[in-house]
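Worksheet: one structure, shown below.
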Amino acid sequence: MADTTHHSLGAQTERTAAGADKPHSAGEANTTVRYRGGGFRTHSIFWVGPVVFVVLIAVWEWGTQTGFISNLTLPKPSDVLGTFGELWRTGTLFEHLIPSLTRFAVGSAMGCLAGVIIGVMIGLFSHVRAGLVPVVAAIFPIPKIALLPLFIIWFGIGEGSKYALIALGTFTPMVVATYGAVDNVDRTLIRMGQSFSLSWASIVRKIVLPGAMPGIFSGLRVSLAIGIILLVAAEMLGARRGIGAYILEAGSLYDLERLFAGVIILSALGVVVNFVLGLIEDRVLRWRS
Amino acid sequence: MDLRVDALSHRYGNLEVLSDISLDIPAGQVVSIIGPSGCGKSTLLRFIGGLERPSEGQIIQRGQPPEGSLNPLTYVFQDFALLPWRTVAGNIALVLEDHGLGSARQDEIITNVLARTKLSEFRDALPKQLSGGMKQRVAIARALAVNPAVMLMDEPLSALDSQTRELLMDDLIDLWARERFTAVYVTHNLAEAVRLGHQIVVLSRRPGKIREIITIETPLDARRRSDPELASIEERLWSVMRDEAQAADLELVDG
């Protein structure tokens, strides 16, 4: 140990001596190796998001206050907030929100549940796959809003047609995500199950379904976002109550404050759905590394 | 219960992978199968346990599996094959649940096998919390839980680092000394084959044929790492395998 120390001291002395010849030179041997790793790793910075929001809204408010932004193009954020207060006080908020949430919940629950069931069947049975994958591929690209008139004829102008529209819209992406997830379940786990002579039902219930869960959850994220879009579309085309109807009415009256209030509710709905899904996912998929 | 591999051959299309393999697996012994990569040793193991069907030949079971054997032919896989969403105890429960043992009996078996593999304190851990060696111990505990007649081990130590491998090898030898289980142990590692095998079956490169069967008389628990006799057997095996391995290495992988 002492020997090593001595040696390195000696080296240092030499270097100083060399440095004395060329003062201020960085020395020939000693450059630190530049760090160049790190890859493209992302890391979460929790405060940037809120700050960006606050800055955007502050600029917007300042612009509309000073007249830099014409109030024909954008309402004042403070006025939009005022509209919210009014919505809350008069109870109009819930008058529109409750029917919308009900439609969203019922429609997407039906669509997603059916999607998961059909998706699992496609994943498990070759005949079902051969028969249904082309059908799903044919339905998937149809803009579902185009089918609303048809659904109104089939299910009536009331809630039925709206449920059907949201259900169909969430169904197709859910099917595709689910059978993809079933296909991606680790085959070695299934072979393990067979090697222990587990019953077919046990393998499906205890290995295939839990293994497909991560894929099913990412499918849910996409499907529910589509559900919100279709909810608004359905309400714009035929409803007296609901966020979509509220936005349409505000738009036709050129009431920008109310229009923005409506849009913000939708955006908040999307954020809340994503957040709740994230919480469930964290619990259900705790096993993921 | 003894097993016999009887004149087994296998082809994938025109490609012959195994050719006329006949082999005895007597009860209470560990049979190591070694061979160069791609010689079909893992395939052979899948035939022995009925996970795949050979083109020709058959696997014969002589005698009855022991009383209370829930899954007579039980695999231990190279990549552990644990369910990541189940705890250690849950992974073992998985293979018992279908047998309708009742929760008390099931719990008793789990406690027992965890104690035998020194895993008792990890009962509620998830696989992601365990090291590779621990995961393979869980897989071995799971195999023991069904009280197998023959353990079919497919390169069980190959995914582990060399130190863990040594430790787990010692554990396997201890376990064999206590339980005298029957096993077919597929590996490409000569040292493992020699330490753990009563018989060592050397397969040639594709199509896999039996090149040689070596019997080692020294009891498993008396074998030491530095044993000169084992070293000379290992040396001899390597001289048999060397050319095969080299030739196998130079082969193009078939498209």
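Just check the protein assembly as shown against the gyration tensor rule for me: Cα atoms, a ≥ b ≥ c as the square roots of the eigenvalues, rounded for a/c under 1.5, and otherwise prolate or oblate depending on whether a/b exceeds b/c.
Numbers: a/c = 2.73, a/b = 1.57, b/c = 1.74.
It comes out oblate by the Cα gyration axes.
Over the protein assembly as shown, what is the percentage of antiparallel beta bridges among all DSSP beta bridges, to the nearest 5?
On the way: 18 of 36 bridges.
If we restrict to bridges inside the protein assembly as shown, about 50 percent are antiparallel.
Just going by the charge dipole of the stretch B:18-99, with Lys and Arg at +1 and Asp and Glu at -1 on Cβ, which of B:88, B:71, B:55 is farthest out on the positive end?
It is B:88, whose Cα lies furthest towards the positive end.
To the nearest 20 debye, what is the magnitude of the charge dipole of the stretch B:82-219 about its Cα centre, counting +1 on the Cβ of each Lys and Arg and -1 on the Cβ of each Asp and Glu?
Working: 17 positive and 17 negative charges, 69 e Å.
Using Cβ point charges on Lys, Arg, Asp and Glu, the stretch B:82-219 gives about 340 debye.
How would you rank B:141-149, B:63-71, highest first, on the average number of other Cβ atoms within 10 Å across their residues? Walk me through the numbers on the way to the answer.
On the way: B:141-149: 23.4, B:63-71: 13.0.
Most protected by this proxy first, the peptides run B:141-149, B:63-71.
Most mobile of A:275, A:151, A:171 per a Gaussian network model of chain A (Cα springs, under 10 Å)?
Looking only at A:275, A:151, A:171, the biggest GNM fluctuation is shown by A:275.
Amide H neighbours of residue B:211 under 5 Å, counting only residues 5+ apart in sequence or on other chains, H built in-plane at 1.01 Å?
Under 5 Å from the amide H of residue B:211 lie the amide H atoms of B:202, B:203, B:204, each far enough along the sequence or on another chain.
What is the percent of Cα-Cα separations in the stretch B:114-156 that go past 17 Å? If you can, show how the numbers build up before the last one.
On the way: 278 of 903 pairs.
When all Cα pairs of the stretch B:114-156 are counted, 31 percent exceed 17 Å.
Just to be sure I understand the curve: with the Debye formula and one point per C-alpha of the stretch B:1-141, what is log10 I(q)/I(0) at q = 0.11 Å⁻¹?
-0.54
Taking N as the number of residues in chain B, what is its Cα Rg relative to 2.2 N^0.38 Å?
1.02
Name the residue from B:156, B:134, B:27 whose Cα lies farthest towards the positive end of the charge dipole of chain B, charges +1 on Cβ of Lys and Arg and -1 on Cβ of Asp and Glu.
Final value for the positive-end residue is B:134.
Taking a ≥ b ≥ c as the square roots of the eigenvalues of the Cα gyration tensor of the stretch B:8-73, is the shape rounded (a/c under 1.5), prolate (a/b larger than b/c) or oblate?
prolate
Report the label-to-label distance for residue B:242 and residue B:56 in nanometres (one decimal), using points 7 Å from each Cα along the Cα→Cβ vector.
The modelled label-to-label distance comes out at 3.4 nm.
Say we join alpha carbon atoms closer than 10 Å with springs in a Gaussian network model of chain A; which of A:223, A:197, A:44 then has the biggest fluctuation?
Its mean-square fluctuation being the largest, the pick is A:44.
Applying the Karplus parametrisation 6.51 cos²θ - 1.76 cosθ + 1.60 with θ = phi - 60° to the phi angles of the stretch B:177-190, what ³J(HN,Hα) value in whole Hz is obtained for each residue in order, glycine and proline being reported as x?
Karplus values, whole Hz, x for Gly and Pro: 4, 7, 10, 6, 6, 9, 8, 10, 10, 8, 7, 10, 9, 4.
In debye to the nearest 20, how big a dipole does the protein assembly as shown give about its Cα centre with +1 on each Lys and Arg Cβ and -1 on each Asp and Glu Cβ?
Values: 50 positive and 53 negative charges, 237 e Å.
Result for the protein assembly as shown is approximately 1140 debye, rounded to the nearest 20.
Averaging over every viewing direction, what projected area does the convex hull of the Cα atoms of the stretch A:76-288 cover, in nm²? Let's see the in-between values first.
On the way: hull surface 56.4 nm².
Mean orientational projected area (the stretch A:76-288, Cα hull): 14.1 nm².
So what's the gap between the Cα centers of the stretch A:55-83 and the stretch A:242-281, to the nearest angstrom?
19 Å
Determine the dipole magnitude for the stretch A:76-288: charges of +1 sit on the beta-carbon of Lys and Arg, -1 on that of Asp and Glu, nothing else is charged, the reference point is the Cα centre, and the result goes in debye to the nearest 20.
On the way: 17 positive and 12 negative charges, 154 e Å.
That gives the stretch A:76-288 a dipole magnitude of about 740 debye.
For the stretch B:191-204, what does the Karplus curve 6.51 cos²θ - 1.76 cosθ + 1.60, with θ = phi - 60°, yield as ³J(HN,Hα) per residue in whole Hz, taken in order and with x for Gly and Pro?
With the stated coefficients, the stretch B:191-204 comes to 4, 4, 4, 6, 5, 9, x, 6, 10, 10, 9, 9, 9, 7 Hz.
Peptides A:32-41, A:100-109: what's the order by average Cβ count within 10 Å, highest mean first?
Working: A:32-41: 5.2, A:100-109: 20.0.
Packing proxy ranking, top to bottom: A:100-109, A:32-41.
Shielding by partners for B:71-81, please: the mean number of other protein chain Cβ atoms within 10 Å of each residue's Cβ. Don't jump to the answer; show the numbers that get you there.
Numbers: counts 4, 1, 3, 3, 5, 2, 5, 1, 4, 2, 10.
Counting other chains' Cβ atoms within 10 Å and averaging over B:71-81 gives 4.
Which of the peptides A:160-169, B:34-43 is most tightly packed, and how do the rest follow, judged by the mean count of other Cβ atoms within 10 Å per residue?
Details: A:160-169: 23.9, B:34-43: 21.8.
Per-residue Cβ counts within 10 Å, averaged per peptide and sorted highest first, yield A:160-169, B:34-43.
Given the Cα-Cα distance of residue B:123 and residue B:159 and 0.36 nm per residue of separation, how much length would full extension add, in nm? All intermediate terms of the calculation are to be shown ahead of the outcome.
On the way: separation 36, 0.36 × 36 = 12.96 nm, distance 2.26 nm.
Result: 10.7 nm gained on full extension.
From the phi of every residue in the stretch A:275-289, what ³J(HN,Hα) in whole Hz does the Karplus formula 6.51 cos²θ - 1.76 cosθ + 1.60 yield, where θ is phi - 60° and glycine or proline is x?
3J(HN,Hα) across the stretch A:275-289, in whole Hz: 5, 4, 4, x, 5, 4, 4, 4, 6, 6, 9, 4, 6, 6, 8.
Which whole-angstrom value gives the distance between the alpha carbon centres of the stretch B:216-255 and the stretch B:1-48?
Using only Cα atoms, the two centres lie 17 Å from each other.
None of the figures in this text is laboratory data; all of them are computed from the coordinates on show. Since we're looking at a predicted model, the values are computed, not measured. Methodologically, a virtual Cβ is constructed for each residue, glycine included, from the backbone with ideal geometry; neighbour enumeration extends over all protein chains shown.
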